[in-house]
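Only one structure is covered here, and it is reproduced in the block below.
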Amino acid sequence: SGNIVIPDTCPVCGGKTEIRKINDAKSLYCINENCQAKKLKLYSLFVSRDAMDVDGLGASIVESLIEKGYIKSPADIYYLTLDDIKSLWKSGSTAAKKLLNAIENSKQQDLSRLIYALGIRQVGAKTGKVLASTFGSMDALMAAKLDTLTEIPDVGPITASNIHGWFAQKQSCQMIERFRLAGVNFESKRVISDSRFAGMTF
């Protein structure tokens, strides 16, 4: 008949799907937060060059870490040990130590990269830079009210709602605290670019 059948379950995890409209585009999403495909995409974004830039932590290694149960959120990457990962390579400890060094170095990335790496819907690298330069720290961003976020140029009401909603989730707050305890940088190296927010407390 030529009709397109829209699947109501995810082909990877079997979870339910829903159609979401973003701007004028409609897309099909799996709503299962434990979907392995979604997790792999999130971790891949987190370690990518424009985000936390963890060299050596490719998709196959991430998939192995998920399967072994070593990582259940991006924050778990900062708690990996040599014993956890050395069996993932034939070269063993040499490659593992190199990866651990890359993970350690990524802790010093600018706040803008961490914001982007979180995978909040509609928050790309550019928005990450805007948010980092506006608020200056992760704690100030987390405490920001919805109307404050909406007023920021290049954010808008839909993205502001996504950001506010993401930080309101218990699992998000727990992840942020694990980043903090691991020593991940929460400060922006950029100067506030919009004088309307200078000196304000959120």
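The values are calculated or read from the model by the stated rules, or taken from the named source; none is laboratory data. It should be emphasised that the depicted structure is a prediction, and the values quoted were computed from it without experimental measurement. Cβ: placed from backbone, ideal geometry, glycine included. Neighbour counts: every protein chain shown. Only protein heavy atoms, including side chains, enter the accessible area calculation; ligands, DNA and RNA are left aside. Shrake-Rupley method; radii C 1.70, N 1.55, O 1.52, S 1.80 Å.
Things worth noting here:
- Conditions (1) surrounded by fewer than 16 Cβ atoms within 10 Å (Cβ to Cβ); (2) touching a helix residue (DSSP H, G or I) at 6+ places or on another chain (Cβ under 7 Å); (3) assigned to a helix (DSSP H, G or I); number of the one not met by N105: (2)
- Only a single criterion out of (1) among the hydrophobic types (A, V, I, L, M, F, W, C); (2) modelled with pLDDT under 90; (3) part of a loop (DSSP other than H, G, I, E, B) is not satisfied by A95, namely (3).
- Of all the criteria given as (1) closer than 18 Å to S172 by Cα; (2) open to solvent by less than 60 Å² (accessible area, probe 1.4 Å), the one not satisfied by Q122 is (2).
- For region 59-90, the candidate set comprises residues that are touching a residue at least 40 places away in the same chain (Cβ under 8 Å) and not aliphatic (A, V, I, L, M); within that set, the residue that is nearest to L45 (Cα to Cα) is P74.
- Of all residues in region 33-85 being more than 17 Å from the chain's Cα centre (by Cα) and of a type in the set (D, E), the one that is most open to solvent (accessible area, probe 1.4 Å): E67
- Flag set for L146, criterion: surrounded by fewer than 19 Cβ atoms within 10 Å (Cβ to Cβ), in contact with a Pro (Cβ under 9 Å, 6 or more places away or on another chain), modelled with pLDDT of 95 or more and more than 21 Å from K189 (Cβ to Cβ).
- So S27, is it at pLDDT below 90, part of a helix (DSSP H, G or I) and hydroxyl-bearing (S, T, Y): no
- Search result, residues across region 125-135 that are without any contact (Cβ under 8 Å) to a residue 60 or more places away in the chain and open to solvent by 20 Å² or more (accessible area, probe 1.4 Å): K126
- Just one residue in the set S161, S133, S172 is over 25 Å from G56 (Cβ atoms) and touching a Lys or Arg at 6+ places or on another chain (Cβ under 8 Å); that residue is S133.
- Of the set (1) modelled with pLDDT of 95 or more; (2) open to solvent by 50 Å² or more (accessible area, probe 1.4 Å); (3) farther than 20 Å from M52 by Cβ, all apply to Q174 but (3).
- Highlighted here are the helices (runs of 4 or more DSSP H) found entirely within region 112-164 that include at least 3 residues which are more than 25 Å from V47 (Cβ to Cβ): 146-151.
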